[in-house]
């Protein structure tokens, strides 16, 4: 099976952190979020990894080589979600395609999702989560997509949020037209033609964090610390230094010996002053966010 990790976004909500590094390579405690997604994908077994890249694409290409990707598809212009899917299929790759976002920290059972998708009888499937702030997907009594709020279809049915995780059979991929970028338009067409996707809601209460904002990044780092079973992480290892409480530090050299951190994330190049008490902040080179 092929796995596509979407990594072409501009990361505008995390500027200036993402001025020099693409969002998929932002570290979440011990590793870039792209690498953490790769770990989840590889747990499926024999998969061929793909990513698309646009913003600071050379860095994604280099990381893809380090992580053993089949291919990083560089996009001179952003092709949405439908464009990369079609591009992979029309380049000859077969065997189905699992799609993941590179900016979500999650604890989904991907093997269970794929198995359910393949046995659902639908040509493609979406993984839904309960996130009331968004919850734009509408799911009918048959477990299939009936509409997307403010885009198409009905407003009736159970409401969930699209997690960014989806599975497409070769048959579904073959119907994405060349030059089609907007995946919602493809979904709308499929629903209208009686080929609505299955929406898996069996994991709707699983952990899912959009780390594309400062608040989301902080939440992802907190979740990752808990998953690793550590209070704090400094450099490349857990830390028991009492100056750091529930905090993550990318470069210990940036922290004066008498400064303390609580519930904070400090990236390389951040300015921390001697004797300062930093509480619930994300800092990096040239910025400071209160979270």
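The values are calculated or read from the model by the stated rules, or taken from the named source; none is laboratory data. Please read these numbers as outputs of a predicted model, since none were measured by experiment. No Cβ is skipped: glycine too gets one built from the backbone with ideal geometry, and neighbour counts run over all protein chains shown.
Assess whether residue 196 counts as being more than 23 Å from residue 41 (Cβ to Cβ) and either outside the structural domain of residue 137 (by TED's automatic domain parsing) or surrounded by 20 or more Cβ atoms within 10 Å (Cβ to Cβ) (or both). For residue 196, the condition - more than 23 Å from residue 41 (Cβ to Cβ) and either outside the structural domain of residue 137 (by TED's automatic domain parsing) or surrounded by 20 or more Cβ atoms within 10 Å (Cβ to Cβ) (or both) - is met.
Residue by residue, here is whether (1) at pLDDT 95 or above; (2) closer than 29 Å to residue 2 by Cα; (3) buried (at least 20 other Cβ atoms within 10 Å of the Cβ); (4) not assigned by TED's automatic domain parsing to the domain that holds residue 102 holds:
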| site | (1), (2), (3), (4) |
| --- | --- |
| 139 | yes, yes, yes, no |
| 145 | yes, yes, yes, no |
| 158 | yes, no, no, no |
| 167 | yes, yes, yes, no |
| 172 | yes, yes, yes, no |
| 214 | yes, no, no, yes |
| 244 | yes, no, yes, yes |
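Would you say residue 184 is surrounded by 17 or more Cβ atoms within 10 Å (Cβ to Cβ) and in contact with a strand residue (DSSP E or B) (Cβ under 7 Å, 6 or more places away or on another chain)? Break it down stepwise before answering.
On the way: surrounded by 17 or more Cβ atoms within 10 Å (Cβ to Cβ): no; in contact with a strand residue (DSSP E or B) (Cβ under 7 Å, 6 or more places away or on another chain): yes.
Here the answer is no, as residue 184 does not meet what is asked.
Residues being more than 26 Å from residue 13 (Cα to Cα) and either assigned to a helix (DSSP H, G or I) or more than 22 Å from the chain's Cα centre (by Cα) (or both) are entirely absent from the stretch 278-290.
Scanning the stretch 43-52 for residues that are surrounded by fewer than 24 Cβ atoms within 10 Å (Cβ to Cβ) and touching a strand residue (DSSP E or B) at 6+ places or on another chain (Cβ under 8 Å), which turns out nearest to residue 9 (Cα to Cα)? Full working, then the answer.
Initial filter on the stretch 43-52 (surrounded by fewer than 24 Cβ atoms within 10 Å (Cβ to Cβ)): 43-49.
Remaining after also requiring touching a strand residue (DSSP E or B) at 6+ places or on another chain (Cβ under 8 Å): 44, 47-49.
Values: 44: 25, 47: 23, 48: 22, 49: 18 Å.
Here the answer is 49.
The residue list 80, 95, 128, 116 contains one member that is buried (at least 16 other Cβ atoms within 10 Å of the Cβ), assigned to a loop (DSSP other than H, G, I, E, B) and either in contact with a helix residue (DSSP H, G or I) (Cβ under 7 Å, 6 or more places away or on another chain) or at pLDDT 95 or above (or both), which is 80. Of all the residues in the stretch 60-77, those that are over 17 Å from the mean Cα position of the chain (by Cα) and in a helix (DSSP H, G or I) number 4.
Taking the stretch 163-239 as the region of interest, the helices (runs of 4 or more DSSP H) fully inside it that hold 2 or more residues being farther than 15 Å from residue 125 by Cα are 183-192, 214-228.
Name the single residue, out of those in the stretch 11-33 being assigned to a loop (DSSP other than H, G, I, E, B) and in contact with a helix residue (DSSP H, G or I) (Cβ under 8 Å, 6 or more places away or on another chain), that is surrounded by the fewest Cβ atoms within 10 Å (Cβ to Cβ). Explain how you work it out, then say what you get.
Filtering the stretch 11-33 down to residues assigned to a loop (DSSP other than H, G, I, E, B) leaves 11, 15-16, 20-22, 26, 29-30.
Now narrow it down to the ones that are in contact with a helix residue (DSSP H, G or I) (Cβ under 8 Å, 6 or more places away or on another chain): 11, 21-22, 26, 29-30.
On the way: 11: 19, 21: 17, 22: 25, 26: 22, 29: 22, 30: 19.
Looking at residues that are assigned to a loop (DSSP other than H, G, I, E, B) and in contact with a helix residue (DSSP H, G or I) (Cβ under 8 Å, 6 or more places away or on another chain), I get 21.
Does residue 111 count as in a strand (DSSP E or B), in the same structural domain as residue 32 (by TED's automatic domain parsing) and touching a residue at least 24 places away in the same chain (Cβ under 8 Å)? Considered against the rule, which asks whether it is in a strand (DSSP E or B), in the same structural domain as residue 32 (by TED's automatic domain parsing) and touching a residue at least 24 places away in the same chain (Cβ under 8 Å), residue 111 comes out as no. All told, residue 227 meets the bar of being closer than 19 Å to residue 40 by Cβ, surrounded by fewer than 21 Cβ atoms within 10 Å (Cβ to Cβ) and either modelled with pLDDT of 95 or more or in contact with a strand residue (DSSP E or B) (Cβ under 8 Å, 6 or more places away or on another chain) (or both).
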